[in-house]
Structure formats: structure tokens, C-alpha cells
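So the structure is just underneath, and the comments pick up after that.
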Amino acid sequence: MSEQHIKLPEGSIEKTTTTLNLGPTHPATHGVMQNILELDGERIVSTEQTIGYIHRAFEKIAERRPLYQITPLTDRLNYCSAPLNNMGWHLTCEKLLGVSTPKRVDYLRVIVMELARISDHLICNSIVGVDSGAYTGFLYVMQYRELIYEIYEEICGSRLTTNIGRIGGFERNFNDIAFQKIEKFLDEYPRVLKEFENLFTRNRIFMDRLIGAGPISAERALNYGFTGPNLRAAGVDYDVRISNPYSSYQDFDFSVPVGTTGDCYDRFLVRNEEMWQSLSIIRQAMQKLTEFKGAEADVYHADVPEYYLPKKEDVYTKMEALIWHFKIIMGEIDMPKGEVYHSIEAANGELGYYMISDGGRAPARLHFRRPCFIYYQAYEELTKGSMLSDAIIVMSSLNLIAGEMDA
Amino acid sequence: MQLTNRAKPVDRRPMNAIERLYLWNILKGMMITIRHFFKKKATIQYPEQKRPFSQVFRGLHILNRDEEGRERCTACGLCAVACPAEAITMEAAEREPGEENLYREEKYAARYEINMLRCIFCGYCEEACPKDAIYLSQTFAPANYGRSGFIYKKQDLLIPNPVEDPEGFKKAQGEIARK
């Protein structure tokens, strides 16, 4: 220290680094999470991640709930793509109960899941834009996320915390407006995504900003337990939809985009390409839906009398339906004993549900495998030695969502 | 690492000479922005204009009446059991002789409260009701000055009586009929 500066008392240790609290309530964290950064100038020396600010003990709450009441809890994991979480949960329950769903239900689910994936990737990619200083693209694509939310609204009645679907299928059939809106989305969205790409993908300012920010090698990513777009960006083409197909994903033809270096730009490109793939999957699913004829064309749930509520007209008039109705709502049906793990390719990676049932009416233990929780552990390695502003971009390009991280 | 034969590498070619120009990038961006200038507005003027909700929208709750204006709720408590947020409380009472024009069944809800601060609008109460009594309407939760105002009593939830206010009843029924 030079003479002009304040003289520290004799014997005191000079601290050469600055501590910066990024979060827990910071507009750039996009959620309640804390990073304690140790900065040398603008370079990051070390980071310390703190989680648990919105821990709501979902796994514990679930131990006292019948299966159907756990669905609204899963809404609040990754709230950018709530339908994916809901579907994952229903598929887990169906695996435990041994329910097989009709093909039409599978295809309807695929449509909803891929729409959710598009809306999640859309948010993530445009937020990467916002964090690197490009707000315009974010605003232009938001209308189309809005359209996706309107489709949810037609199906389930809600937009963000959807609580969509039931064990065995959907609560109601898709109406014509929902199909029209899906058609409209398929029609208009490619043009919007193209424009979004025009604004970002080959833009020098954006590329300079993202290339080389927060890279991770395939080996390190696997060691951390990365899945989903973040692992694919590192060069491993692992996709649960292909390696372990659920909900009839084996009937669809799509490719898996992979990156090479695992930096922010790769993650951006992988997510962008996945949106195109999702669009093509929705198109295929819509095509497959037209092939159902007669009574098959109106099927929207499997035959699970123990878990799927009887029709309202029957409940009002028939005794047996009323009894089932009461039994299901009050959660008085004992589940089969056993352990079950089911994972789906959520927007963020492999979202797994591990449920242990002791034959009671609620799960004895339930664990959510949340991909964000795993990504956040690698945060220090990704940001070490980079600039402070990269810390923000890495955070948004990993798509860290506090709700999913803390559960 | 190759696990499937469906991998498709993303396009990461280095920038070419034109892409390296800042001016070109700025022009390209500006062109898109200016094009949006002349497009139809995506927003609406909210309090004056309202967007139509879907037929099945899950908004604030209402308690239904039958055509003679009797309350349908029989205080079975199924909605309270189904509620994942534990927002519904009720107290049952027995119908006295002479109250047949007020309550449809022999048992009714003397007190029925929904805490709108707890409610997550999942729609399970509507699904659970075996008496066609509770429905989610197409209105949003309005603002309030205090917390106590968000605890909706039975009188706040009941739809207008068809005997006294046939038009209000019809309007409320119209929202229900779709489901």
C-alpha cells in the first residue's frame, strides 16, 4: 500500500481480496440463492454457494399426502416448466401402480412436455441474453411463452403452477381451442425462433461475450453428475428420452444436439437446437393424434378406478362411483409396497423421483433428483479465475432455478 | 462421448469476415427492432381491457346455489380434505324445520371459510365436491388492505340468490356451466 492510503495498524493482516455477496436477493440471481464471491480486482478467486433460502421441505410434506396431492408440490420445483414436473410425477406413480397408459395419452403428454421444454429453454436462452446486455430478444419471445401458457390454460385452467394431468392421464380431454392454439404455435413459432437466432446466435457481441465463459469438460461434467443440456453441451449425447424412453418417446424421431467445450455458448446453442427438435416432436405427435379413429380418438385417461376420479355425472347419481370418489379424495387406497425410481428428461436435465412405499397411503419416503442442485455444485469450478460479469452469465446459462435447487 | 447414433453437433464455426464487423451486427439488430416498431402491439391496456380467460380457468372460488336459491353445500368436508394447502375450514350444522328454502340438504355449512392467502388454486376442491357446490370462477383475487380480508367467509363466496337477483345468478351460473 502506498503512502496515500490509510495506514493499517501495525501487525494487522492486509486483505488483498474483496468479498462480494451475490444474492440471496439479487436481481441477477433469478431466484433466492447466495454466492459469496472472493474477488481479486474483477477476477474471481473463489466462490461459496449457499442454498436453502426457499427450502420448503417438499419431500417431508409428501410423506403425509396421498399421491394426487403431491402433484401441486412438483409444480413448484422448476416453475418455468411445471408440466414436465407434473408428468414426471404421474409417470412415477404409474410405474409404482403398474398402470399402462393408452397411446393417445402418451402423445398428448408428449405435446405438453415438449411445449414446456420449449418455454423453459426460451426463458433460459433469452435470460442469457438479458444478462449479457441484450434485453430486446427477451421481450420479443415472451409473447410466445405467453401463447404456451394459454395452451396450458385451455387444458388445465392455470398458467404457471399448472397441476396438469392426473394419475393415468389428463383431467379432461383437450378442447378444440387448445388444438387450434397448438397449431397456431407450430405455425408462428419457427419464424420467431429464427428471428431470435438472428439477433443472437451469430452476433459478434454476443459470441465474444459467451465463448469461453464457464467451460467444463465432459469428464468433469460426468463426475459432477451433470445431465440434460448442460451435459450435452460438454459433448456427451445423453438423453433420457432415448436411453430410457418413457411416454412412447421411442415412436418419435429426433436428434440430440451436442456441443464440444461445454461453455456458455455451447449451452446456448444446444438449447436453441433442442427447441427446433421439440417443435418437430410436437408436429409428429399432432400427426400421430390424427391417426386415432372412433372411440380411440377421445381417450384421455387410462382405466385406473383406484386412482382416477369417476365422472362427475356418475358421482351425482351412482352409489358406487360416489364411494370410489370419496375413497380416492380421502386418500384411503393403500399403495403397493415397493421402491420405484423414474426419471424424465426435464428441461434442465434428468429429473428423477425416487419413491419408497411401505404399503401405506402416502409415500414412506420420496426424493426428488433435481438437476439444478447438481449444477450448482460445479459453479465454483466453472467461475474460478473468470471475471465477475461471467459469474452472472454462467449462472443463467446453467439455468439455475432456486425452486428446483431447494425443493 | 457417443451413446446414441442421434447426436448432432451444434454449429460453432468461427466468425467470418462480415460477422466480425460490429457495424453489421448493429445494423442487423436495428433492422429487427425497427421492424417490430410497425407490428401490432402485444400488450393490452389492462384495467380497461381484459383478455378472455379459458373456459376452465381456475380463479376465485364461488359457492353454488340451486335454481330455488338453496345452498348446495352439505358440509361433507371433502374439499377441505382434498386441499393440499389446507386453506378450507368449515363447520357443519343441522337444518332446522322451516329452513328448507335455505339449504338443499339436511346438513349445511354454518361456517365456511377459504383462506385466499393459503390457497394455491389447484382446483382440487372443485374436483372433490360431490354436491356440485364449489367452483372456481374466472376472477382474480382482488387486492386487500389487511390479511383478515383475504379470509373469505361463506357470504363472500355464495353466488347471488336467483329469487332476489336473477341476473347475478345467471351470470355466475354461466361461468359454471362450462365445466
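Derivation of every value follows stated rules applied to the coordinates shown; laboratory data play no part. Everything quoted here is computed from the prediction, not taken from an experiment. Glycine also receives a Cβ, built like all others from the backbone with ideal geometry; neighbour counts cover every protein chain displayed.
Some observations on this one:
- Along its three principal directions, the equivalent ellipsoid of the stretch B:72-163 from the Cα gyration tensor extends over semi-axes of 23, 15, 13 Å, largest first.
- Eigenvalues of the alpha-carbon gyration tensor of the stretch B:1-82, scaled by 5 and square-rooted, set the equivalent ellipsoid semi-axes at 56, 28, 9 angstrom, largest first.
- Whole-number percent relative contact order across the stretch A:53-172, with pairs defined as alpha carbons under 8 Å at least 6 apart: 33
- Efficiency of FRET between residue A:180 and residue B:4 - r from beta-carbon atoms, R0 25 angstrom, step 0.05: 0.10
- Couplings 3J(HN,Hα) for the stretch A:173-184, derived from phi with the Karplus relation 6.51 cos²θ - 1.76 cosθ + 1.60 (θ = phi - 60°), are 6, 5, 8, 5, 4, 4, 5, 4, 5, 5, 4, 4 Hz, where x marks Gly and Pro.
- Between B:21, B:157, B:63, the Gaussian network model of chain B with springs among Cα atoms under 10 angstrom shows the greatest mean-square fluctuation at B:21.
- Sorting the Cα pairs of chain A by distance into bins of 10 Å, from 0 upward, gives 5, 21, 30, 23, 12, 5, 2, 1, 0, 0 percent per bin.
- Those GluC sites (Glu not before Pro) in the stretch A:302-364 that DSSP places in a loop and that have at most 11 other beta carbons within 10 Å: A:332
- When each of the peptides A:273-280, A:201-208 is scored by the mean number of other C-beta atoms lying within 10 Å of its residues, the order from highest to lowest reads A:273-280, A:201-208.
- 27 Å Cα-Cα threshold exceeded, pairs from A:184/B:40; A:181/A:318; A:103/B:131; A:95/A:288; A:103/A:312: A:181/A:318; A:103/B:131
- Divided by 2.2 N^0.38 Å, where N counts the residues, the Cα radius of gyration of the stretch A:273-326 comes to 1.75.
- Residues whose amide H comes within less than 5 Å of that of residue A:169, counting only those at least five positions distant or on another chain, are A:302 (H built at 1.01 Å from N in the peptide plane).
- Once the convex hull of all Cα atoms in the stretch A:91-147 is built, its volume per residue stands at 79 Å³.
- Distant-in-sequence amide H partners of residue B:92 (H built 1.01 Å from N, under 5 Å): B:110
- With kT/(6 pi eta Rh) evaluated at 10 °C and eta = 1.306 mPa s, and Rh the Kirkwood radius from Cα pairs, chain B diffuses with a coefficient of 76 µm²/s according to Stokes-Einstein.
- For residue B:8, distant residues with modelled amide H under 5 Å away: A:256, A:258
- Helix B:22-37 and the longest principal axis of the Cα set of chain B meet at an angle near 40°.
- In sequence order, the stretch A:377-391 has phi-based couplings of 5, 7, 4, 5, 5, 6, 9, 4, x, 8, 7, 4, 5, 5, 4 Hz under the Karplus curve 6.51 cos²θ - 1.76 cosθ + 1.60, θ = phi - 60°, and Gly or Pro positions carry x.
- Enclosed volume per residue, in Å³, of the convex hull spanned by Cα atoms of the stretch B:101-151: 121
- Shown here for the stretch B:49-102: GluC sites (Glu not before Pro) in loop regions (DSSP other than H, G, I, E, B) with at most 10 other Cβ atoms within 10 Å, namely B:67.
- 5 Å binning of all Cα-Cα separations within the stretch A:221-316, expressed as whole percents from 0 upward: 3, 11, 15, 16, 13, 11, 9, 9, 7, 4, 2, 0, 0
- Cα gyration tensor of the stretch A:1-131 - equivalent ellipsoid semi-axes, whole Å, descending: 48, 19, 10
- Among the cysteines of the protein assembly as shown, those with no neighbouring cysteine Cβ under 4.7 Å are A:80, A:93, A:124, A:156, A:264, A:372, B:73, B:76, B:83, B:119, B:122, B:129.
- In terms of its Cα atoms, the stretch A:116-198 spans 43, 24, 16 Å along the principal axes, sorted from long to short.
- Backbone geometry of the stretch A:212-223 corresponds, through the Karplus equation with coefficients 6.51, -1.76 and 1.60 at θ = phi - 60°, to 3J(HN,Hα) couplings of x, 8, x, x, 9, 7, 4, 5, 5, 4, 5, 5 Hz, x marking Gly and Pro.
- Computed log₁₀ I(q)/I(0) - Debye formula, equal Cα scatterers, no solvent, the stretch A:250-407, q 0.13, 0.15, 0.18 Å⁻¹: -0.95, -1.06, -1.17
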